[in-house]
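Data first, discussion second: the structure below is written as structure tokens.
The values are calculated or read from the model by the stated rules, or taken from the named source; none is laboratory data. Treat the numbers as computed from the prediction; the structure is a model and nothing was measured. Cβ atoms come from the backbone with ideal geometry, glycine included; neighbour counts cover every protein chain shown. Just the protein is used for accessible areas: all its heavy atoms, side chains included, with ligands, DNA and RNA removed. Shrake-Rupley method; radii C 1.70, N 1.55, O 1.52, S 1.80 Å.
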Amino acid sequence: DIPDDESGGTISLDVLLNKKGECAGTIGMGGKGKADLIKTGDVVYMKFDEALLREQSEGESKADTDAAVAMLAGKWTKTKATGADAKEFEDFCDLGSVLDGAEGGDSDASRGKTATVDGAPAITLHEKDGKDRYTLYVATEGKPYLLRIDSTTGADRGSVTFSDFDEPVPTQKPAGEIVDLDALGG
């Protein structure tokens, strides 16, 4: 769950991603709908539910909103990953962006108490970056994977939990009819 500065709500992510910039999963927009997402190569496939389409169409006429819902709700769409609509979701598929600031050797992190994250034993690390404060949870059994990051102050309050390490990302093209957003003009 990540705060969304633009809407004032929360973005919920349940996404598998890899170091190649591929991802698959679900993005929720503050309880106002969700979209399924697959990014593979230079193509982004998305399937929007009606609630998200209506939320994203706020300010449009009822007729335009109803037309968008009729055309897109529950159907897979595709667009180039470099397109304006796809750029909005690009950071969710970029492991480097997700881990921005969590990597590197320069750290003044202090060791905290032991904890458990989804049943896995972990050690906590407390990190400061200016006025921002983070708690990182690192696995103490097996590989020392980063299990969770909590941002406790500043503009980016929220939590990101990591799991399913070394699992393949299901980036197959969706089956069935796919609406080509690029052919529709975005």
*asked:* Just to be sure I understand, how many residues within region 141-164 are under 17 Å from THR116 (Cα atoms) and within 17 Å of the chain's Cα centre (by Cα)?
replied: 11
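Conditions (1) surrounded by fewer than 17 Cβ atoms within 10 Å (Cβ to Cβ); (2) more than 21 Å from GLU167 (Cα to Cα); (3) in contact with a strand residue (DSSP E or B) (Cβ under 6 Å, 6 or more places away or on another chain); (4) aliphatic (A, V, I, L, M), marked per residue:
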position	(1), (2), (3), (4)
LYS20	yes, no, no, no
GLY30	yes, yes, yes, no
THR40	no, no, no, no
SER57	yes, yes, no, no
*What is the one condition in (1) at pLDDT 85 or above; (2) open to solvent by 50 Å² or more (accessible area, probe 1.4 Å) that ASP5 does not satisfy?*
(1)
*Which one of the conditions (1) part of a loop (DSSP other than H, G, I, E, B); (2) at pLDDT below 75 does ALA86 fail to meet, given that it meets all the rest?*
(1)
*Quick one: LYS78 ticks every box in (1) over 29 Å from ASP150 (Cα atoms); (2) open to solvent by 30 Å² or more (accessible area, probe 1.4 Å); (3) not in a strand (DSSP E or B) bar one, so which box is it?*
(3)
_Residue match in region 92-108 (condition: open to solvent by 80 Å² or more (accessible area, probe 1.4 Å), modelled with pLDDT of 65 or more and in a loop (DSSP other than H, G, I, E, B))_ = yes
*All positions within region 133-162 that are among the hydroxyl-bearing types (Ser, Thr, Tyr), modelled with pLDDT under 90 and open to solvent by 50 Å² or more (accessible area, probe 1.4 Å)*: TYR134, THR152, THR161
*LEU52: part of a helix (DSSP H, G or I) and surrounded by 16 or more Cβ atoms within 10 Å (Cβ to Cβ), yes or no?*
yes
